[in-house]
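What follows is a single structure, written as structure tokens, with notes after it.
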Amino acid sequence: MPETINQERVKELLKNPLSIQRELNNRSLYEFIQYFWPVYSAQLFSPNWHIDYICSELEIVAKQVAERKPRSHDLIINVPPGSSKTVCASIMFPIWCWTQWPWMLIITMSYSDKLSLESAEYCRDVLRSQRFQNMYPDIAIKEDKDVKSNFKIAKKMVGAGGPHRSSRMESTGGGRISTSITGTIMGFHADILIVDDPLNPTQAASDIELANANHFMEQTLPSRKRDKDITPTILIMQRLNQGDPSGAWLAKQETNVRHICLPGEIRNFKQYVNPPEMVDKYVDDLLDTRRISWKVLKDLESKLGQYGYAGQIGQNPTPPGGGMFKVDQIQIRTEYPKPHEVMHTIRAWDKAGTADGGDYTVGVKMSRLLGNRWLIEDMVRGRWSSNERERIIRNTADLDGTGVEIWMEQETGSSGKESAENTIRNLAGFRVFAERSTGDKVHRADPFSVQVNNGSISMMQGTFNHALIEELRFFPYGTHDDCVDSASLAWNKLVGKKIARRIT
């Protein structure tokens, strides 16, 4: 039922156009963001339905707190990077709340102090801006409580005395406290808790960092609520791992959690859209044709790999199945490229410890060619004793020549270091490096798989073709993964994915 029109209120608004805009801002966080966008960014605001939708969900949460009602739900919002989630939830949303309920204390958290404080600084910039003061002259930051990590909101209080009455700014009890998930927030209790990206992609690959983030969400955060029945938690993030805070929270299947999931595209991730009716909002199967175009997505897939793309864009961070490598895209060559086409060549070794019928020792030789293409030239593979293995590695290096750089994967522990040092001594006279393996095998192979699937990898015809192709075909669920480990290491070094130290 439409609101009853107050004629006097309409007359008052018409006398002051700024009051009309203020009324629009108060009614809509989306309108508020558009109005104050020029203070936040020099770029023009790019409207899209997903921002309006996220804003409406945030409004529901804030209004329940304002009315001191027991919360109906906590909120999880999963959206891809570059979708303006931080400006919506961490920068503008708290300010919008203070313009109407300046008593609200909001705690915001991110994976690092730097990121959390950056959002807080943008928040203060808007509050201090002339544009904001013109619109809301009665709201300001309390002068003696104004630091990025902890600032208070003050409201102008008008005193008695007729036309000469004075005014002063008084603390409202509201404000913002910003910290990281490893920071200290003891002694503070919030009306609203906002967690914006509790993990970054590097941390998501670490079991320890995952455990730390989930412990914070499960053990530390609940104790920071001002009222256990009212204070909501808002978690907004891109998915990075099956066990990330979103995944861990959803796995509990709590009934009072509202889950908003908006993948960047739905050609591959339609089934993950939540609520499902939001599928109808997508244009050309894209969440936002301006911010996240197909061109942008193709570039991101190349950089992120399939695993990272599925998580950050598709909001479904599950390791790809048996189709991780589309081996039909690999071209078999019968002629070597011309010398001027070869930019850099590496032989990468994945060493097995024994000859007992388990893992293979594998050495893949790969070259980077002009035009961002790669050629697998050769592969040596076998099960050998440690002495025989070192002899074959040396003989292979002699055949390759000193122009071929040699890399190997160093296993963890003192035995792994000793094995790598022995091989380096065995290869005296060659450029040889060792790298400690980090992260799981799927993550390490992921960038290489993207290039295979894009048709950027070719292979010289040889007896090794079948073994390598079949292992790629069934990775990561095949019987062996030594060929994939070796090829992935070679490709990563050819493109400079990591810089490893030389063992001395």
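Determine the percent antiparallel among the DSSP beta bridges restricted to the chain, to the nearest 5.
DSSP beta bridges in the chain are roughly 45 percent antiparallel.
Take the Cα atoms of the range 355-504, find their three principal axes, and give me the spread along each one in whole Å, biggest first.
38, 34, 31
Which percent of the accessible area of the chain is formed by carbon and sulfur heavy atoms (probe 1.4 angstrom)? All intermediate terms of the calculation are to be shown ahead of the outcome.
Working: 11590 of 23650 Å².
Roughly 49 percent, rounded to a whole number.
Are there any trypsin sites (Lys or Arg not before Pro) in the range 52-120 that are in a DSSP loop and have at most 13 other Cβ atoms within 10 Å? List them by number. Show your work: numbers first, answer last.
On the way: sites: LYS63, ARG68, ARG71, LYS85, LYS114; in loops: ARG68, ARG71.
For trypsin sites (Lys or Arg not before Pro) across the range 52-120 that sit outside H, G, I, E and B with at most 13 neighbouring Cβ atoms in 10 Å, the list reads ARG68.
Report the relative contact order of the chain, percent, no decimals, based on alpha-carbon pairs under 8 angstrom and at least 6 residues apart. Provide the component values of the computation, followed by the final result.
Numbers: 887 pairs, mean separation 66.8, N = 504.
Computed over the chain, the figure is 13 percent.
Could you please state, rounded to a whole Å, how far the C-alpha centre of the range 235-310 is from the C-alpha centre of the range 351-429?
So the separation of the two Cα centres works out to 40 Å.
Which loop-located GluC sites (Glu not before Pro) does the range 290-345 contain, where loop means any DSSP state but H, G, I, E or B and the Cβ has at most 13 other Cβ atoms within 10 Å?
On the way: sites: GLU301, GLU335, GLU341; in loops: GLU335.
Answer in residue order: GLU335.
Output the pairs from LYS114/LYS148; LYS69/LYS156; LYS441/LYS493; LYS228/LYS252 with a Cα-Cα distance over 21 Å in this structure; if there are none, say none. It would help to have the intermediate numbers written out before the result.
Numbers: LYS114/LYS148 11 Å; LYS69/LYS156 27 Å; LYS441/LYS493 16 Å; LYS228/LYS252 19 Å.
Too far apart for the 21 Å limit: LYS69/LYS156.
List residues of the range 386-409, by number, whose backbone nitrogen lies under 19 Å from a label position 7 Å along Cα→C-beta of ASN422.
Residues 386-397, 407-409 fall inside that zone.
Among the trypsin sites (Lys or Arg not before Pro) within the range 171-253, which fall in a DSSP loop and have no more than 15 other Cβ atoms within 10 Å of their own Cβ?
Working: sites: ARG176, ARG224, LYS225, ARG226, LYS228, ARG239, LYS252; in loops: ARG226, LYS228, ARG239, LYS252.
Here the trypsin sites (Lys or Arg not before Pro) that fit, given the DSSP loop and packing criteria, are LYS228, LYS252.
Does anyone have the angle between helix 482-494 and the longest principal axis of the chain? Alpha-carbon axes, 0 to 90°, nearest 10?
Tilt relative to the chain: about 70 degrees.
Can you give me the angle between helix 294-312 and the longest principal axis of the chain, using Cα atoms only, in degrees from 0 to 90, rounded to the nearest 10?
The angle comes out near 80 degrees.
In nm, to one decimal, how far is the HIS340 label point from the ASP328 one, both placed 7 Å along Cα→Cβ?
Each label point lies 7 Å from its Cα, and together they span 3.7 nm.
Would you calculate a helix-derived [θ] at 222 nm for the chain, using -39,500 (n - 2.57) for each DSSP H run of n ≥ 4 and dividing by the full residue count, to the nearest 500? Please list the in-between numbers first.
Working: 16 runs with 184 residues, N = 504.
Using -39500 (n - 2.57) per qualifying helix, the result is -11000 deg cm²/dmol.
Counting only other residues whose beta carbon sits under 15 Å from that of VAL279, what net charge do I get with K and R as +1, D and E as -1?
Details: positive: ARG267, LYS270, LYS281; negative: GLU265, GLU277, ASP280, ASP284, ASP285, ASP288.
Counting the neighbours of VAL279, the net charge comes to -3.
When all C-alpha to C-alpha distances in the chain are sorted into bins of 20 Å, what percent of pairs does each bin hold, rounded to whole numbers?
Pairs per bin, as whole percents: 20, 42, 26, 10, 2.
Using only Cα atoms, find the angle between the long axis of helix 113-128 and the longest principal axis of the chain, and express it within 0 to 90 degrees, rounded to the nearest 10.
That helix lies at roughly 30 degrees to the long axis.
How large is the accessible surface per residue of the chain, computed with a 1.4 Å probe and reported in Å² as a whole number? Don't skip to the end; give the middle numbers.
Values: 23650 Å² over 504 residues.
Computed with neighbouring chains in place, this is 47 Å² per residue.
Placing +1 on the Cβ of each Lys and Arg and -1 on the Cβ of each Asp and Glu in the chain, which of SER90, ILE181, ILE153 has its Cα farthest towards the positive end of the resulting dipole?
Of the listed residues, the answer is ILE153.
Relative contact order for the range 140-294 using alpha-carbon pairs under 8 Å, separation at least 6, rounded to a whole percent? It would help to have the intermediate numbers written out before the result.
Details: 185 pairs, mean separation 22.7, N = 155.
Normalised by residue count, the contact order of the range 140-294 is 15 percent.
The values are calculated or read from the model by the stated rules, or taken from the named source; none is laboratory data. Just so you know, these numbers come straight off a predicted model, no measurement behind them. So basically every Cβ, Gly included, is an ideal-geometry build from the backbone, and we count neighbours across all protein chains shown. Just so you know, the surface numbers come from the protein's heavy atoms only, side chains and all, with ligands and any DNA or RNA stripped out. Shrake-Rupley method; radii C 1.70, N 1.55, O 1.52, S 1.80 Å.
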